[in-house]
Structure formats: structure tokens, C-alpha cells
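The values are calculated or read from the model by the stated rules, or taken from the named source; none is laboratory data. None of these values were measured; they are calculated from a predicted model. Counting neighbours? That spans all protein chains shown, and the Cβs are built from the backbone with ideal geometry, glycine included.
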Amino acid sequence: MTAVMSPGRIRELVAVLPETAEGAHHGHPDFRIGNRIFATLSEREDRVALRLTHIEARALAERSPKAFRLVSDREPIGWVSLDLAEADEGEVADLLEEAWSLRQSEVERTKASRRKR
């Protein structure tokens, strides 16, 4: 059996993503790019929530309901919560990068539209 992923390891995985910062939101840690949240830790820091496309969030929750819980499903975005005790580090790293990339592209579009004004 693999070890439970720690909140510290989540922070390490986020730290390698460019232009990220840790903040706080509703009493728990969150991770941001351009002041936009792409992932959060629960208050007890035993779950990580990820902002993904609604299609991916639904698929994860359907595929592995013991690990993933769909917490918000508003097309085109969905939030999925992952139990760190059930997490695979490689998959978490990929999902964090995907969540970051989705937000990063939004941040870049916002910057571009501000430059056009």
C-alpha cells in the first residue's frame, strides 16, 4: 500500500507550477495563479479540491467514487474533491497541472483583453 499523500506534498507539487501562490479562502488553504483559485485543501487538509472541466470532474467521480467526489458541476467547469488517503501522486500531479493550466489560460486571456482597452 502506498503512503497517504500529505498536504505538504500537495504544496510541493503546486510550488513547481509557475506564478502560483498559496492563499486562504473560507478558512482553508487555496492555490492561485493571478489571484484566481485552481485548487484548495480542506480545513483538515485531508482532501484536495481541483477546478477542472465539468467533463473531467464527472468522469473522475464516476470512475473512482471512493476517492473523488463531485462538489460543483456548472458547465463548463466542475470541482472535484479528492481524498488524500486514496490519492495516487502521479495522478494528483497531473490533475494539479491541468487545473493550473485551465486557470492560467483564463488569466492570460484577461491580461490580453486589458491590454486591448
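Summary of computed values
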read-out	value
Odd one out for PHE38 among (1) surrounded by 12 or more Cβ atoms within 10 Å (Cβ to Cβ); (2) at pLDDT below 95	(2)
Given (1) under 18 Å from SER101 (Cβ atoms); (2) in contact with a strand residue (DSSP E or B) (Cβ under 8 Å, 6 or more places away or on another chain); (3) surrounded by 15 or more Cβ atoms within 10 Å (Cβ to Cβ), index of the condition ARG58 fails	(1)
Only one of VAL48, VAL4 that is of a type in the set (Val, Ile, Thr), crowded, with 16+ Cβ neighbours inside 10 Å and either at negative phi or at pLDDT 95 or above (or both)	VAL48
Within segment 94-113, tally of residues that are farther than 14 Å from VAL14 by Cβ, without any contact (Cβ under 8 Å) to a residue 60 or more places away in the chain and among the polar types (S, T, N, Q)	2
The one condition in (1) more than 15 Å from THR20 (Cβ to Cβ); (2) touching a residue at least 12 places away in the same chain (Cβ under 8 Å); (3) hydrophobic (A, V, I, L, M, F, W, C) that ALA59 fails to fulfil	(2)
Long-range neighbours under 6 Å by Cβ, at least six apart or interchain, first residue free of Cβ contacts under 8 Å to residues at least 24 places away in the same chain within segment 65-86, second part of a strand (DSSP E or B) and small (Gly, Ala, Ser)	ARG69/SER81; VAL71/SER81
Pairs where the first residue, in segment 12-28, is touching a residue at least 40 places away in the same chain (Cβ under 8 Å) and within 15 Å of GLN104 (Cβ to Cβ) and the second is small (Gly, Ala, Ser) and part of a strand (DSSP E or B), C-beta under 7 Å, 6+ apart	VAL14/ALA39
